[in-house]
Amino acid sequence: MSGKKKSSKKAGSYFKDVKGELKKVSWPSRKEVVSSTLIVLFLTIIFSAFIGGFDYLFTIILKLISA
């Protein structure tokens, strides 16, 4: 058997195995996905505001020091 045929059989076997494994995955429900997404968005906004506030504060402090 040539090397090309072996690699194509390996690739086919690989994708067949991947498909089988994906059937075993416990996928989250739509409600869980929406809930998790909202939590991530909320925390991203909170941390962004927190970091932005410190950045603003440090900018004011540095302007006062350099003045």
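Since every read-out is calculated from the coordinates, none of them should be taken as a lab result. Computed from a predicted structure; not experimentally measured. Cβ placement follows ideal geometry from the backbone for every residue including glycine, while neighbour counts extend to all protein chains displayed.
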Considering only Trp27, Ser8, Leu62, whose Cα is most displaced toward the positive end of the charge dipole of the range 3-66, charges sitting on Cβ of Lys, Arg (+1) and Asp, Glu (-1)? Ser8
In nm, give the distance between the simple-model label positions of Trp27 and Phe47, each being 7 Å from the Cα along the Cα-to-Cβ direction. 2.8 nm
Enclosed volume per residue, in Å³, of the convex hull spanned by Cα atoms of the range 3-63: 134 Å³
Charges at C-beta only: +1 for Lys and Arg, -1 for Asp and Glu. How large is the resulting dipole of the chain about its Cα centre, in Debye rounded to 20? 980 debye
